[in-house]
Each structure stands twice: as structure tokens, then as C-alpha cells.
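Scroll down for the structure; my scribbles are underneath it.
The values are calculated or read from the model by the stated rules, or taken from the named source; none is laboratory data. Everything numeric in this text was worked out from a predicted model, so none of it was measured. Backbone-built Cβ (ideal geometry, glycine too); neighbour counts: all protein chains shown. These accessible areas exclude ligands, DNA and RNA; they are computed on the full protein's heavy atoms, side chains included. Shrake-Rupley method; radii C 1.70, N 1.55, O 1.52, S 1.80 Å.
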Amino acid sequence: MKQRTAQVQWEQRMQNPLLALALVFAVAYATPIVVPDADPSVHRLCMVAEWVVWAAFAVDYLIRLGLAPGKWLFVRSHPLDLVAVVLPLIQPLRLLRVVATLLLVGRRAGMAPQITLTTHVGGAVVGLMMFGSLAVLHVERDAPDGNIKTLGDAVWWSFTTMTTVGYGDHAPTTGLGRVLAVGLMLSGIALLGVVTANIAAWFISRFERDDAQERRQTALLEALTVEVKELRAEVARLSGGAAEEPGTATVPAAAAPSAAGPAVTAPAAQGDVP
């Protein structure tokens, strides 16, 4: 339990530094490709920056592996990190490090699960399109029969490839470029499919929540209607009882017997004949 806690603490502590290093790697990788005529010292500086970032991620991977309670489980659950650390010299695979670190942005998001996943996948799509464009431009720019010569051509090709449109106006001609195209197509289909499914799931959950709220409001209205009917019945009963009270029989005061006894008859006058 302590090892797992230490691993989580390390990963949380390294989120911001790794994200900053990923941005440094992105700039260092893109600069020589976008500006091929830059000063050689700039190219050397970018190469040094790439190696420094790779070394930092390699150290991070080894530390997380050492802190993980299950070493083999950690290796199996982080294949992208392992490939990016073990194969840094192959240019396309070095991009996997940047793609992996795009997920660090979503770990810091405090949003709903659907929005968080959409943020993850949206960042991965943008990252793949950007760095896929740079990689194919780097490979195809000097190809004799290549038709991807500018960054605009590469970005257009990446966009049409990831969306599986494939106009065919730009296409890689080298073997490595075609490998990149296959990877970009597969990843584009998977990521865009996840985005579409996640957005649909968000709408469905929203509709279900609205429907549940409407059902609760309907049940509340029905309960209020029953209560109002009961109150009306009670008011009618009380009003009917109050109407019967004035009609009850009462004994006249003259006919009522005296509390002192029977009434005494007054004596007759003396001139009266009995």
C-alpha cells in the first residue's frame, strides 16, 4: 500500500514537469523540420534538447517501475511509455513520447468523465495530426518522387488521412512514409471514433437526466393533485358540519322547567266563582 501511494504521489508530482518537457520536445523536434535552413547550432541545440527530454522521461519511467507494486503489470499497462523509452532513435517512434504525454493534460481536469475523455482524445488527435505532419514532411521532403514538400501539404495530408477521406492529391512514396500513413489512419479512425461515441454518450446521458427530472416533476405534480383533492374533501366535510349546527332543535325558555321545582299556579281572585 505504501509503494502504491508513493507511486501515485510521484506521478502527481511529475505531471507539470513532464508536461513542460513534452512541450520542449515538441518545439525541439519541429524546429529543424519547419526551418531546415536554420543555423547548425540551432539544430544541435534541438538535438540536445530532445536527448535531455528523452533521458528525463526514461528516468521517470524507471522510477515509476521501481515504485510500482507489480512490475510486470506496470510494464503491460504502459506499453507506449516503454516503446518510447527503449526506441528513441527511430524518428517516428520518438513521437510516441509526445502523444503519451498529451494524456497528462486530462489527469488535471476536474470535469465530468465524458468531457475529460473528450479532452484526452481531442488532444491526442491534434497531437497526432501535428506531429504526423512533421514526421511525413521530414521523410518525404527529399524523396525524388515525393509530392509532400511543404508544411501545408503535410498538414493537409495528415488531416485527410486521419479522417479517412484520402483525396489522393498528396501521398507518401517512401516506405517509412507509408508506415506513417498506416499508423495515422489506424489511430485517426480509433480516436475519432472514440470522440464520436463519447459525444453521443454525453447527449444520451443528458437526455436520460432530463427525462428522469421530468418524471420526478410529474410524480410531484400527481402527489400535489392528490393532496389538493384530499384538502378539498376535508374542507367540504367541515363546511357541511358547520351548516347543520344552526338547524338543531332548541327548547324555548318559557317551556323549560325551573330549576327550583314545578311552577306554582297563582291564586284566583276573591270575586271569582270556583
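Please tell me if G188 is in contact with an Asp or Glu (Cβ under 6 Å, 6 or more places away or on another chain) and part of a helix (DSSP H, G or I). No; evaluated as a whole, the condition is false for this residue. Out of the residues in the stretch 188-226 that are touching a residue at least 60 places away in the same chain (Cβ under 8 Å) and not β-branched (V, I, T), state the one that is nearest to V155 (Cα to Cα). Checking each candidate, the answer is G188. Being outside any loop (DSSP other than H, G, I, E, B), at pLDDT below 80, open to solvent by 70 Å² or more (accessible area, probe 1.4 Å) and farther than 30 Å from M129 by Cα holds for only one residue in P267, P246, and it is P246. Checked against the criterion of being in contact with a Lys or Arg (Cβ under 6 Å, 6 or more places away or on another chain), farther than 19 Å from G123 by Cβ, buried (at least 17 other Cβ atoms within 10 Å of the Cβ) and not polar (S, T, N, Q), the stretch 175-194 has no qualifying residue.
In the list V48, V24, V53, which residue meets the criterion of being open to solvent by less than 40 Å² (accessible area, probe 1.4 Å), within 30 Å of T150 (Cα to Cα) and either more than 30 Å from the chain's Cα centre (by Cα) or not basic (K, R) (or both)?
Of V48, V24, V53, the one residue that is open to solvent by less than 40 Å² (accessible area, probe 1.4 Å), within 30 Å of T150 (Cα to Cα) and either more than 30 Å from the chain's Cα centre (by Cα) or not basic (K, R) (or both) is V53.
Selection over the stretch 185-237 of residues that are in contact with a Leu (Cβ under 6 Å, 6 or more places away or on another chain) and either at pLDDT 85 or above or among the aromatic types (F, W, Y) (or both) gives a count of 0. Any residue that is more than 30 Å from A30 (Cα to Cα), exposed (fewer than 11 other Cβ atoms within 10 Å of the Cβ), among the hydrophobic types (A, V, I, L, M, F, W, C) and under 35 Å from the mean Cα position of the chain (by Cα) - is there at least one of those in the stretch 209-218? Yes, some residue in the stretch 209-218 is more than 30 Å from A30 (Cα to Cα), exposed (fewer than 11 other Cβ atoms within 10 Å of the Cβ), among the hydrophobic types (A, V, I, L, M, F, W, C) and under 35 Å from the mean Cα position of the chain (by Cα). Among the candidates L21, L62, the residue that is more than 21 Å from A135 (Cα to Cα) and not small (G, A, S) is uniquely L62. Considering the stretch 144-158, the residues that are modelled with pLDDT of 85 or more and surrounded by 15 or more Cβ atoms within 10 Å (Cβ to Cβ) include one that is nearest to S187 (Cα to Cα), namely S158. Determine if the stretch 130-138 includes at least one residue that is at pLDDT below 60, in contact with a Leu (Cβ under 9 Å, 6 or more places away or on another chain) and among the polar types (S, T, N, Q). The answer is no, given that none of the residues of the stretch 130-138 is at pLDDT below 60, in contact with a Leu (Cβ under 9 Å, 6 or more places away or on another chain) and among the polar types (S, T, N, Q).
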